[in-house]
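One structure is given below, encoded as structure tokens.
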Amino acid sequence: MGRTKPGTAPPRTGLPEELALRLRTDHGVDTTALDLALAASSPVSFRTNPLKPSPACGTPVPWCGVGHVLPDRPAFTFDPFLHAGAYYVQEASSMLLEEAFRVCGLTDRTVLALDLCAAPGGKSTHLRSLLTPASLLVANEVDGQRRSVLQENLWKWGHGNVVVTAGNNNHFHCLPGTFDVVVLDAPCSGEGMFRKDPHALTQWSPGLVQQCARVQRDLVDVAWRSLRPGGVLFYSTCTWEECENEDHVRHLLEQGAESILPTAAPLGVVTSGAPGLGWRCYPHLIQGEGFYLSALRKPGPWTPHDASIPARRSSSPWSEHLVDPNGSHLTEHKTILHAVDVRWQRSLDALMAAVPVVSPGIPIAQPKGPVLHPHPALALSLLLRQDAFPELDLDEPSAIRYLKGEALPALDARGTTRVVHRGLGLGWMQGAGRRWNNQWPSAWRIRAAHPSVTRVSWSSIPTGQDNSE
């Protein structure tokens, strides 16, 4: 809802009149200025990975210390830094999560966090960067195709302590009072994306708004039930409908929730009607799309999780490839070996008993015949010890050939080698004498034609000089 692929219907222009009337009457929005903004091009923004060498250029996003706005959209697809997880292309309004997280009082705590509707991974990767390293993030997505994209983005981001699940509302009803942080970026009618996705405008209707509100209410109840006392729910949408936003917040306030967003919103962001009901973003006031965000604390005192290490420990020679071999619990799941902090072993057992778990940690090894080989996620992970495997540093043309899935020439290639580009791990190659066989996953490969637009400004190759094809 609000996130489907563009169809064949021709795009309409301008706000639907009944929506414009509600915005003018209920929220005092200058809909003439908003209409003009929606007719312009969408801003382009990205968020860098604090734990990887990352590019930094453009105009800073005021509410995100690692967010940047670019004047034009470059050819991100042909940038090895993107594929290595050095940054994530994300709409700037969504980066408000960082400002909200900063005021929630959980920044220094080791917590168990849940992103309930996590695909494609923008808020999950952001949240993983905001959490302390020892915290555990559970990223949930029901849809299998979207979940594959979520996994790819989380694995490329490289942070440890990430579990991917495929739970529905019924599954999470079995985990009451479990999570310290829940992020619910709910499926919505998509009004805030009218400029970025014309299909969001063609599919909009009052019936869609009401349908979304009903789905959201169920998700909000699940999220709230899943929170521990003292935990925080971050609720967001890309719509301006009050029944999809503030009405759900009022519903939780009636149950004793405490709103924790300050009434003084960041510059350009609008505080919603009554204090405590959330923040709103409008494209004519900021360099971003339409967005809504609220943050609510559950009543009761917060208590730390049990950090004791269980007596049952896993053992595997693959532990020696990790930066902290004694600090990781290794779990074999569907023939793939995964690593997670040993302190979360009990929580992981409880999670796997209640929810379909797809990845119980970061995948580190997978079978090829009778032998285990390093998983693609391990090459990108910060869990990997830097001297665990030989490395081959590729220049940009060679890195792009690698990302397209091509074999690379060699003189005497032997064994498993990690591909590196400018200090960033990318993937694996297997030596075969006079060539390196490519181990980059086929689903991740660059399939686009040669870029006809400008490369990213930090690229080492001028436009038109790539001889990789």
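Considering only residues of the range 183-211 that are touching a helix residue (DSSP H, G or I) at 6+ places or on another chain (Cβ under 8 Å) and in a loop (DSSP other than H, G, I, E, B), which is nearest to residue 347 (Cα to Cα)?
186
Please pick out the residue among 278, 190, 290 that is under 23 Å from the mean Cα position of the chain (by Cα), farther than 27 Å from residue 138 by Cβ, assigned by TED's automatic domain parsing to the domain that holds residue 44 and surrounded by 21 or more Cβ atoms within 10 Å (Cβ to Cβ).
290
When you scan the range 42-60, how many residues do you find that are under 25 Å from residue 239 (Cα atoms) and without any contact (Cβ under 8 Å) to a residue 60 or more places away in the chain?
So the answer is 3.
Any idea which of (1) part of a helix (DSSP H, G or I); (2) closer than 24 Å to residue 123 by Cα is the one residue 36 doesn't satisfy?
The single condition residue 36 does not satisfy is (2).
Residue by residue, here is whether (1) surrounded by 12 or more Cβ atoms within 10 Å (Cβ to Cβ); (2) modelled with pLDDT of 90 or more; (3) of a type outside the set (Lys, Arg); (4) within 30 Å of residue 212 (Cα to Cα) holds:
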position: 11; (1), (2), (3), (4): yes, no, yes, yes
position: 23; (1), (2), (3), (4): yes, yes, yes, yes
position: 30; (1), (2), (3), (4): yes, yes, yes, yes
position: 35; (1), (2), (3), (4): yes, yes, yes, yes
position: 38; (1), (2), (3), (4): yes, yes, yes, yes
position: 49; (1), (2), (3), (4): yes, yes, yes, no
position: 62; (1), (2), (3), (4): yes, yes, yes, no
position: 67; (1), (2), (3), (4): yes, yes, yes, yes
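Return yes or no: is residue 403 modelled with pLDDT of 95 or more, touching a Lys or Arg at 6+ places or on another chain (Cβ under 7 Å), among the aliphatic types (A, V, I, L, M) and not assigned by TED's automatic domain parsing to the domain that holds residue 82?
Yes: the conditions hold for residue 403.
Kindly indicate whether residue 465 is at pLDDT 95 or above and either in the same structural domain as residue 405 (by TED's automatic domain parsing) or assigned to a loop (DSSP other than H, G, I, E, B) (or both).
When the stated conditions are applied, residue 465 does not pass them.
I'd like to verify a number: residues in the range 356-395 that are at pLDDT below 95 and buried (at least 17 other Cβ atoms within 10 Å of the Cβ), how many?
Result for the range 356-395: 1.
Identify, by number, the condition in (1) under 18 Å from residue 375 (Cα atoms); (2) modelled with pLDDT under 95 that residue 442 doesn't meet.
Here residue 442 meets the rest and fails (2).
Of all residues in the range 101-122, how many are under 18 Å from residue 136 (Cβ atoms) and not hydrophobic (A, V, I, L, M, F, W, C)?
So the count comes out to 6.
Would you point out the residue of the range 250-269, among those that are without any contact (Cβ under 8 Å) to a residue 24 or more places away in the chain and among the aliphatic types (A, V, I, L, M), that is surrounded by the most Cβ atoms within 10 Å (Cβ to Cβ)?
Within the range 250-269, the subset without any contact (Cβ under 8 Å) to a residue 24 or more places away in the chain is 254, 263-265.
Right, trim to among the aliphatic types (A, V, I, L, M) and you get 264-265.
Working: 264: 8, 265: 19.
Residue satisfying both the conditions and the ranking: 265.
Examine the range 304-317 for a residue that is at pLDDT 95 or above, over 20 Å from residue 154 (Cβ atoms) and touching a His at 6+ places or on another chain (Cβ under 6 Å), and state whether such a residue exists.
Looking through the range 304-317, none of the residues is at pLDDT 95 or above, over 20 Å from residue 154 (Cβ atoms) and touching a His at 6+ places or on another chain (Cβ under 6 Å).
Take residue 232 and tell me if it is more than 19 Å from residue 193 (Cα to Cα), touching a strand residue (DSSP E or B) at 6+ places or on another chain (Cβ under 9 Å) and not in a helix (DSSP H, G or I).
Yes, satisfied.
Would you mind telling me which numbered condition in (1) among the charged types (D, E, K, R); (2) buried (at least 17 other Cβ atoms within 10 Å of the Cβ); (3) under 24 Å from the mean Cα position of the chain (by Cα) residue 404 fails?
The single condition residue 404 does not satisfy is (2).
Being in the same structural domain as residue 182 (by TED's automatic domain parsing), part of a loop (DSSP other than H, G, I, E, B) and not polar (S, T, N, Q): is that true of residue 283 here?
On the way: in the same structural domain as residue 182 (by TED's automatic domain parsing): yes; part of a loop (DSSP other than H, G, I, E, B): yes; not polar (S, T, N, Q): yes.
Considered against the rule, which asks whether it is in the same structural domain as residue 182 (by TED's automatic domain parsing), part of a loop (DSSP other than H, G, I, E, B) and not polar (S, T, N, Q), residue 283 comes out as yes.
Would you confirm whether or not the range 280-299 contains a residue that is among the charged types (D, E, K, R) and touching a Cys at 6+ places or on another chain (Cβ under 7 Å)?
yes
Give the range 334-373 a look and list any residue that's β-branched (Val, Ile, Thr), more than 20 Å from residue 323 (Cβ to Cβ) and within 21 Å of the chain's Cα centre (by Cα), or say none.
355, 357, 358
How many residues are more than 23 Å from residue 276 (Cβ to Cβ), outside any helix (DSSP H, G or I) and touching a residue at least 40 places away in the same chain (Cβ under 8 Å) if we restrict to the range 74-108?
11
Considering only residues that are surrounded by 22 or more Cβ atoms within 10 Å (Cβ to Cβ) and among the small types (Gly, Ala, Ser), which ones fall in the range 413-428?
Listed by number, the residues that qualify are 425, 427.
Mind counting the residues in the range 124-155 that are basic (Lys, Arg) and surrounded by 24 or more Cβ atoms within 10 Å (Cβ to Cβ)?
Of the residues in the range 124-155, 1 are basic (Lys, Arg) and surrounded by 24 or more Cβ atoms within 10 Å (Cβ to Cβ).
So in the range 235-249, with the set limited to residues that are part of a loop (DSSP other than H, G, I, E, B) and in contact with a helix residue (DSSP H, G or I) (Cβ under 8 Å, 6 or more places away or on another chain), which one is surrounded by the most Cβ atoms within 10 Å (Cβ to Cβ)? Spell out the reasoning first.
Pass one, the range 235-249, residues part of a loop (DSSP other than H, G, I, E, B): 238-241, 245.
Now drop any that are not in contact with a helix residue (DSSP H, G or I) (Cβ under 8 Å, 6 or more places away or on another chain), which leaves 238-241.
Details: 238: 28, 239: 30, 240: 26, 241: 24.
It comes out as 239.
The values are calculated or read from the model by the stated rules, or taken from the named source; none is laboratory data. All values derive from a computational prediction rather than experimental measurement. All Cβ positions, even for glycine, are placed from backbone atoms using ideal geometry, and neighbour counts span all protein chains on display.
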